[in-house]
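Colleague: Sending over a structure as structure tokens; questions will come in a sec.
Derivation of every value follows stated rules applied to the coordinates shown; laboratory data play no part. The structure displayed is predicted, hence computed values, not measured ones. When we count neighbours, we look across all protein chains shown, and the Cβ atoms used for this are built from the backbone with ideal geometry, even at glycine.
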Amino acid sequence: MNQNSPSTSENINDNTKPVLEFIAIKCIIFRFFNASLQVLVERINDDKWRLPTEKLFQNEDLDDGANRIAAGILDVQDIFLKQFQSYRDFINSHSVNKDNSNLLYNEEGVSVGYYMLTNKNQNINEHHKKYTWMDFKSSIDSTSDNAISDASRQIKIDLNDTPIALHLLAKEFTIPEMMKLYEIILGRTLNRGNFYRKIKDYNILIDLEKKEIKESHNAAILYSFDRPAYFSKIKSGFVKAW
């Protein structure tokens, strides 16, 4: 071998260096509250918001990382979650210069998207005051993050074979509330009579024999899910179109 020729390592140019510097979890956390489907977002400054996104720990499973992030923000354990898509992403990182000044730079990597579902009783941890709930359509514009639209489309696809309503509705709910949730997810108005008939035909609800607390005289009956019946239907799939 010619001693004057460069070594193999010296021949490697910058194009062979790893482009992606991290794996992160991007959380799209949904809740249904006051007839609105909402997404949890973090304030960056007065007019900029982002989705909760954190790097995966070394030797950490993806699902464990997603649960860790959600548990750190919300007072919740074992939140319902589902991985749906991955994204090329950037995260702001800090380093220290030789003069001990801080340097802010962008790291490029892959964020694994998870959609998560929680009911209206989940509160934001008091140590995370930068987070707030935002209507999911508004959150798309505020964050400029396509993952929210992607997650909502995936929920629509999963509606007939995944316990979406079980994890978004309160333990006690009315059929009008359930119908409103389905209308938001499907993106269209449903026929009230048809929806009531289909839900009743599935035999997945328990009539609690009481009504919601409401000042008007048309208070609706409260229901809860018959969980064994509901999961049986989920397993076979809801065959009737909404």
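Colleague: Please give the peptides 26-33, 68-75 ranked by average Cβ packing (other Cβ atoms within 10 Å per residue), highest first, as a rough proxy for protection.
Modeller: Most protected by this proxy first, the peptides run 26-33, 68-75.
Colleague: Here's something else I'd like to know. Is the shape of segment 174-242 rounded, prolate or oblate, going by the alpha carbon gyration tensor and its root eigenvalues a ≥ b ≥ c, with a/c under 1.5 for rounded and a/b larger than b/c for prolate?
Modeller: On the way: a/c = 2.29, a/b = 1.29, b/c = 1.78.
Oblate, since a/c reaches 1.5 and b/c is not below a/b.
Colleague: Moving to a separate point now. Step through the table entries 214/235; 129/171; 48/214; 211/233; 130/200; 48/233, compare each Cα-Cα distance with 30 Å, and write down the pairs that go over it.
Modeller: Values: 214/235 36 Å; 129/171 27 Å; 48/214 38 Å; 211/233 26 Å; 130/200 42 Å; 48/233 42 Å.
Checking Cα-Cα distances, 214/235; 48/214; 130/200; 48/233 exceed 30 Å.
Colleague: In nm, what is the difference between 0.36 nm times the number of residues separating residue 194 and residue 44 and their Cα-Cα distance? Intermediate values should be presented prior to the final figure.
Modeller: Details: separation 150, 0.36 × 150 = 54.00 nm, distance 4.41 nm.
Fully extending the segment from residue 194 to residue 44 adds 49.6 nm.
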